[in-house]
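Readers should treat all values here as calculations from the given coordinates under stated rules, not as data from a laboratory. Fair warning: this is a prediction, and the values are worked out from it, not measured in the lab. Glycine also receives a Cβ, built like all others from the backbone with ideal geometry; neighbour counts cover every protein chain displayed.
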Amino acid sequence: MTNVTIRMDEGVKRQAEALFEEMGLTMSSAITLFVKTAIRENRIPFEIRVDPFYSPQNQARLRAAAADMDAQRNIKEHELIEADDD
């Protein structure tokens, strides 16, 4: 056996430990499970995608829109959409 040291946000660690405890796992066993699955499947065992919200183009668009709002430029009014409360 060997030790592996990782750094992570303390809040994330607490949330992960609570989740893994509900599953009957320790943090160590959950990470070992992840690593063994990655080795067996020869890949990260889940899909990793880029969230387009954080793309440089979208962030620039959002900054420009926020600047327009702060300067009270390009403000458009929209019609109110009525909704039934059924």
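Which one is surrounded by the fewest Cβ atoms within 10 Å (Cβ to Cβ) among residues in region 37-86 that are in a helix (DSSP H, G or I) and of a type in the set (Ser, Thr, Tyr)?
Among those residues, the one meeting the criterion is 54.
From the set of residues in region 1-17 that are aliphatic (A, V, I, L, M) and in a loop (DSSP other than H, G, I, E, B), which is farthest from the chain's Cα centre (by Cα)?
Kept after step one, since they are aliphatic (A, V, I, L, M), are these residues of region 1-17: 1, 4, 6, 8, 12, 16.
Restricting the remaining residues to those that are in a loop (DSSP other than H, G, I, E, B) gives 1, 4, 6, 8.
Values: 1: 32, 4: 24, 6: 19, 8: 14 Å.
The qualifying residue farthest from the chain's Cα centre (by Cα) is 1.
Taking every residue in region 22-40 that is free of Cβ contacts under 8 Å to residues at least 60 places away in the same chain and over 18 Å from residue 8 (Cα atoms) and pairing it with any residue that is outside any helix (DSSP H, G or I) and not small (Gly, Ala, Ser), at least 6 positions away or on another chain, the pairs with Cβ-Cβ distances below 7 Å are 37/45; 38/44; 38/45.
If the requirement is being touching a helix residue (DSSP H, G or I) at 6+ places or on another chain (Cβ under 7 Å) and in a helix (DSSP H, G or I), which of these qualifies: 20, 34? Show your work before the answer.
Numbers: 34 fails: touching a helix residue (DSSP H, G or I) at 6+ places or on another chain (Cβ under 7 Å).
Residue meeting the stated conditions: 20.
Take the conditions (1) under 26 Å from the mean Cα position of the chain (by Cα); (2) surrounded by fewer than 11 Cβ atoms within 10 Å (Cβ to Cβ); (3) not hydroxyl-bearing (Ser, Thr, Tyr); residue 33 misses just one of them, which is (2).
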